[in-house]
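Working notes, structure below.
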Amino acid sequence: MYSDKIDALFTEQLQEWELARLNYILLGSVRTRKIDFGTFEVSVQFNPERIRSSAANVDSRSVGERPCFLCTKNRPPEQRGLSFENRLVILVNPFPIFSRHMTIPSDDHIDQRIGNNLGTMLSLTQVMPSYTVFYNGPQCGASAPDHFHFQAGNKGFMPLESDFQIGKHPTLIFSEPGLEVWKWAEYRRGIITLKGRDREKLIRVFDHLFSGLAQIQPDRPEPMMNILAGYEQGEWIVHIIPRKQHRPAQFFMQGTDQLLISPAAVDLGGVIITPREEDYKRISRNDIEDIFRQVCFGESDLDGLINDIL
């Protein structure tokens, strides 16, 4: 099975590649703490190695001046991968958040765009059933906005995954054979979840959602969003988190007012990554609520969009 090849790649890379091996060992000692929101929790992870991603300069000039670290010619010689559909390659991420963390870039150096690529994401989840596959838009946490890629991490790491199964916050708002549409409430982040066995229906609803967001954000490279997707028991679960801002005001503040947090899919999935210890120690429930409010659509903001796509 293809999933066995992924497991073998991970094991072999940690044996062959000293940087990756050491960073996965260090991951075992990262500190985490939980912040209680009453009916759900958010985890905070102190992970200094993620400073490269959290603090990355992703403006056009900075991106254009640096070598693309996802292009084959610029990757470390120790980094090997598995080809997928002759257009992507599955790689071990040497700076992990998850105990198994993969990066899945395009073979070609093309911009980070999810339009017409959700089907590829769904296919990835089928060959990676023990992983959640996620997408960060070019202005939503992607540290390589100039090179199309997904990431994947072991399932069960992000609270959002279990919160969906528990069912306190998502509400079923539409159902037909092969497709369900869920909307989240009282979760501090506006989220739409698609679930079902019918691949074409899932893609159709996503495309409608994508088009609706594009009308709201006509000046963006693409509608701002993070996506997390998994496959189990013959069904896909796709969490779509529309965005209205890349980084919160706290990111740009000075001195003790600064929180160096650049929210991406994992953060909005309920694990806030803090590369600086002072932020790990200081960030509070009120800070997290404020950051979510700044960068995500509110629950009521999504009502009109949902009505238009159903």
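Points worth noting:
- Filter pass, residue 309 being among the β-branched types (Val, Ile, Thr), over 23 Å from residue 142 (Cβ atoms) and open to solvent by 10 Å² or more (accessible area, probe 1.4 Å): yes
- Test: residue 265 is touching a Leu at 6+ places or on another chain (Cβ under 6 Å), under 21 Å from residue 183 (Cβ atoms), modelled with pLDDT of 95 or more and of a type in the set (A, V, I, L, M): yes
- Subset of the range 76-92 [under 22 Å from the mean Cα position of the chain (by Cα) and of a type in the set (Lys, Arg)]: 87
- Selection from the range 61-88 of residues that are closer than 20 Å to residue 21 by Cα and hydrophobic (A, V, I, L, M, F, W, C): 69, 70, 82
- Some residue of the range 227-248 being open to solvent by less than 40 Å² (accessible area, probe 1.4 Å), assigned to a helix (DSSP H, G or I) and β-branched (Val, Ile, Thr): no
- Residues satisfying the criterion are absent from the range 28-39 (criterion: under 22 Å from residue 269 (Cβ atoms), crowded, with 17+ Cβ neighbours inside 10 Å and of a type outside the set (Val, Ile, Thr)).
- Annotation: of all residues in the range 145-179 being under 26 Å from residue 99 (Cβ atoms), part of a strand (DSSP E or B) and not aromatic (Phe, Trp, Tyr), the one that is farthest from the chain's Cα centre (by Cα) is 154.
- The requirement of being open to solvent by 50 Å² or more (accessible area, probe 1.4 Å), within 20 Å of residue 297 (Cβ to Cβ) and assigned to a loop (DSSP other than H, G, I, E, B) is fulfilled somewhere in the range 183-191, by at least one residue.
The values are calculated or read from the model by the stated rules, or taken from the named source; none is laboratory data. The model shown is predicted, which means the values in this text are computed figures rather than measured ones. We place every Cβ from the backbone using ideal geometry, glycine too, and count neighbours over all the protein chains shown. The area values use the complete protein model at the heavy-atom level, side chains included, leaving out ligands, DNA and RNA. Shrake-Rupley method; radii C 1.70, N 1.55, O 1.52, S 1.80 Å.
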